[in-house]
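Encoded as structure tokens, the structure appears first; notes follow it.
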Amino acid sequence: MMPQQPARKGAGANSCEASPIGGSWKIGRELKNPRPRLQEEGFFDVPIRISRRPGKMQSRGRILIVGVGGLGVPAAFALARSGPCRMTLIDPDPVELSNLARQVIYRQDDLGKPKTECAARRIRGRFPNVEIEPRVIALDPDNALGLAQSHDFIIDATDDPAAKFLINDAAIKTRRPFVYGGVIGMTGQAMTVIPGDTACLRCLFEEPPGQTEVASCREAGIVGAVAGVIGEIQAAEALASLSHATPRLAGRILTYDATRPARFRTTEVPARPGCRCGAWIGKSATPSVHQ
Ligand SMILES: [Zn+2]
């Protein structure tokens with residue numbers, strides 16, 4: 001859920017250490033042994049290099065993914081592909097028939113079962129070095145601060161505008177970075193928030209959308225391919241943050257329009273004076289656009 005264009009008010013919002021599998025010798029060995037002991041045979045033995053600056057990735061950093069649907073599934077898989085990492089998945093919903101086409105991690109025999117548990121089982125089965133905790137809960141005002149506090153980075157993968165603002169406010173209070181994501185039809189958006197340093201969701205949208213706007217976004221639907229792109233970008237932002245690099249979308253909103261030749265555009269988001277995030281204090285930002 002997200003607005004078609006960034007707007008000031010009322011528009012609505014809707015580590016890992018990693019590696020590809022090494023040389024051909026390893027592939028040959030795996031063919032001889034159909035059940036290789038992945039942790040002992042170097043499945044993740046080639047470190048990824050995200051930052052040019054010295055320093056190791058915070059491989060033990062814990063990532064919270066709120067929502068295991070169109071955005072959360074590709075984000076979780078992208079993180080798992082990147083190497084050993086720790087993540088918590090939260091989502092109160094069971095797998096429904098309408099999920100199967102877009103959220104490819106789920107199967108027909110998952111119908112009615114909690115999404116988080118099904119997703120965790122599949123990811124563990126494929127990536128044994130990933131530490132993953134599934135929780136069948138919704139983010140709410142009672143648990144938001146505690147969940148944010150106990151994680152190092154948050155991925156907003158929910159389609160509920162109220163939950164997006166709850167993530168924003170909890171992240172600001174606990175000073176945890178997070179990446180916002182949203183998809184409507186063939187367009188997707190993502191923006192990373194570094195609390196106290198870059199603009200937050202309330203700098204961009206100020207207030208959650210009204211019910212009419214939410215309903216029109218739901219009618220537009222979500223294209224799975226676009227959600228996949230945005231979810232993967234969100235995972236990359238999490239990896240950058242945990243590796244102590246500056247996420248590329250910190251203070252910038254990326255818009256991906258699958259119907260246009262210049263598909264990716266990023267726009268600087270200035271901090272809004274008076275916003276509760278405080279990122280505006282001592283700053284004067286001039287918006288700029290890059291493609
Ligand atoms: Zn703000």
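The values are calculated or read from the model by the stated rules, or taken from the named source; none is laboratory data. All of these numbers come straight from a predicted model, not from anything done at the bench. Cβ sites come from the backbone with ideal geometry, for glycine too, and all protein chains shown count toward neighbours.
Laid out as a table, the results:
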| quantity | calculated |
| --- | --- |
| Odd one out for R218, checked against (1) at pLDDT 90 or above; (2) away from the ligand (no atom under 15 Å from the Cβ); (3) more than 18 Å from the chain's Cα centre (by Cα) | (1) |
| Residue, farthest from the ligand (Cβ to nearest atom), within the range 243-259, restricted to residues that are in a loop (DSSP other than H, G, I, E, B) and aliphatic (A, V, I, L, M) | A258 |
| Residues of the range 95-105 classified as surrounded by 15 or more Cβ atoms within 10 Å (Cβ to Cβ) and modelled with pLDDT under 95, total | 5 |
| Boolean, P92 is more than 21 Å from V223 (Cβ to Cβ), in contact with a Lys or Arg (Cβ under 9 Å, 6 or more places away or on another chain) and modelled with pLDDT of 90 or more | yes |
| Total residues in the range 70-86, condition under 11 Å from the mean Cα position of the chain (by Cα) and closer than 20 Å to I167 by Cβ | 9 |
| Among the candidates E17, E131, E40, E30, residue that is under 20 Å from the mean Cα position of the chain (by Cα) and at pLDDT below 90 | E17 |
| Residue list for the range 260-277, filter: assigned to a loop (DSSP other than H, G, I, E, B) and among the charged types (D, E, K, R) | R260, R263, R272, R276 |
| Yes/no for A240 being among the hydrophobic types (A, V, I, L, M, F, W, C), surrounded by fewer than 18 Cβ atoms within 10 Å (Cβ to Cβ), away from the ligand (no atom under 15 Å from the Cβ) and within 16 Å of the chain's Cα centre (by Cα) | no |
| Test for A80: is it closer than 20 Å to S150 by Cα and either touching a helix residue (DSSP H, G or I) at 6+ places or on another chain (Cβ under 6 Å) or surrounded by 22 or more Cβ atoms within 10 Å (Cβ to Cβ) (or both) | yes |
| Verdict on G282 being surrounded by fewer than 17 Cβ atoms within 10 Å (Cβ to Cβ), modelled with pLDDT of 85 or more and within 16 Å of the ligand (Cβ to nearest atom) | no |
| Answer from P287, P270 - the residue that is more than 22 Å from H151 (Cα to Cα), buried (at least 17 other Cβ atoms within 10 Å of the Cβ) and modelled with pLDDT under 95 | P270 |
